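Asker: Quick one: structure below, then a few questions.
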Amino acid sequence: MLFLDMPLARRIESAEALAAVEGAKTLECLRPGAGAAVEQIAGGHAVFCGINSPVTQAVGMGLSGPVDTVDVDRLEEFYFSRGDAVRVELCPLADMSLVGQLGKRGYRATEFSNVMARPLELTESWPSPAPGVTIDAVPSDQSALWTQTVAQGFAEHFPVTPELLEVMHMFALGPNTSCFLAKVDGQIAGGGCLSVREGVGGLFGASTLPAFRNRGVQTALLHARLSHAAAAGCDLAVSIALPASISQRNILRQGFHVLYTRVKFEKALPA
């Protein structure tokens with residue numbers, strides 16, 4: 001059983017922040033002039049990948065000590081100057097001075113997410129996929145196919161907009177990211193992503209097309225990515241999901257447990 005302490009919290013939050021930073025750099029290569037930006041603030045990273053982008057938020061702040069007014073001034077200037085609200089993903093081990101600063105400035109909690117983790121060992125073995133299910137790594141020249149598939153799998157929750165497709169494509173092309181496609185009886189059924197940073201395997205971006213649900217696709221994608229992470233030298237796997245969601249249930253069945261719950265704090269763009 002993993003025990004959450006400050007070094008572990010910093011390791012997990014840093015891995016996620018660096019994934020977002022890498023995404024911003026990839027976006028700027030894909031679309032020069034897109035305005036993607038990154039700034040280190042109070043031990044974390046503020047990332048901007050477009051207004052209302054799911055990647056546009058600050059991660060990892062407050063894990064290196066007290067946060068003062070100047071830090072939050074910089075944070076607000078970073079986002080407000082780009083025409084967006086401020087969103088901060090807060091780890092429960094963040095210094096309480098950050099919570100105090102956000103409270104004084106009228107931030108409100110808008111979302112909770114569970115950070116789940118499990119140890120990994122190279123010697124672990126994984127069950128074979130359900131009958132008819134196959135998982136394959138996606139070569140870079142098929143990243144557009146992976147992007148469209150995963151976006152369609154999210155369609156009932158997130159409309160398949162050009163912005164969503166751009167974000168998914170951005171992650172698919174990241175140098176530390178591996179993408180996987182699932183097929184059922186030879187038909188494309190879903191996909192998922194794995195990011196590898198400093199021994200942490202981050203599992204994200206997984207969805208299944210509606211016609212192929214309840215066929216073992218997500219379980220097979222989880223096993224394939226965990227095996228890949230272990231082979232890449234990761235000793236820790238991490239995934240994030242909304243509390244009580246189907247995604248959380250699927251992940252917990254694979255030996256993960258909830259390590260901590262993050263809170264997203266938000267402050268609207270001033271009128």
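The values are calculated or read from the model by the stated rules, or taken from the named source; none is laboratory data. Since we're looking at a predicted model, the values are computed, not measured. Here Cβ is always computed from backbone atoms with ideal geometry, including for glycine, and neighbour counts include all displayed protein chains. We work out accessible area using only protein heavy atoms, side chains counted, and drop any ligands, DNA or RNA first. Shrake-Rupley method; radii C 1.70, N 1.55, O 1.52, S 1.80 Å.
Asker: Of (1) over 23 Å from the mean Cα position of the chain (by Cα); (2) at pLDDT 95 or above, Leu122 satisfies all except one. Which?
Answerer: (2)
Asker: Looking at this structure, is Leu30 touching a residue at least 12 places away in the same chain (Cβ under 8 Å), open to solvent by 10 Å² or more (accessible area, probe 1.4 Å), farther than 18 Å from Met96 by Cα and in contact with a Lys or Arg (Cβ under 9 Å, 6 or more places away or on another chain)?
Answerer: In short, no.
Asker: A follow-up question, please. How many residues does the range 246-262 hold that are open to solvent by 30 Å² or more (accessible area, probe 1.4 Å), β-branched (Val, Ile, Thr) and within 16 Å of the chain's Cα centre (by Cα)?
Answerer: 2
Asker: Counting only residues that are farther than 17 Å from Gly174 by Cβ, surrounded by fewer than 24 Cβ atoms within 10 Å (Cβ to Cβ) and without any contact (Cβ under 8 Å) to a residue 40 or more places away in the chain, how many does the range 33-60 have?
Answerer: Here the count works out to 6.
Asker: Applying the selection to the range 66-102, what residues are over 18 Å from Glu16 (Cβ atoms), outside any helix (DSSP H, G or I) and either open to solvent by 20 Å² or more (accessible area, probe 1.4 Å) or of a type in the set (S, T, N, Q) (or both)?
Answerer: Pro66, Asp68, Ser81, Arg82, Gly83, Asp95, listed by residue number.
Asker: Here's a follow-up. Going through the range 103-129 one residue at a time, which ones are open to solvent by 50 Å² or more (accessible area, probe 1.4 Å) and in contact with a Leu (Cβ under 7 Å, 6 or more places away or on another chain)?
Answerer: Pro119, Trp126
Asker: Taking the options Leu63, Leu18, Leu4, Leu8, name whichever one is open to solvent by 10 Å² or more (accessible area, probe 1.4 Å), part of a loop (DSSP other than H, G, I, E, B) and over 18 Å from Arg82 (Cβ atoms).
Answerer: Sole residue among the options that is open to solvent by 10 Å² or more (accessible area, probe 1.4 Å), part of a loop (DSSP other than H, G, I, E, B) and over 18 Å from Arg82 (Cβ atoms): Leu4.
Asker: Further question: Could you name every one of the strands (runs of 3 or more DSSP E) located completely within the range 130-214 that has at least 3 residues being more than 15 Å from Pro54 (Cα to Cα), touching a strand residue (DSSP E or B) at 6+ places or on another chain (Cβ under 7 Å) and open to solvent by 50 Å² or more (accessible area, probe 1.4 Å)?
Answerer: 133-137
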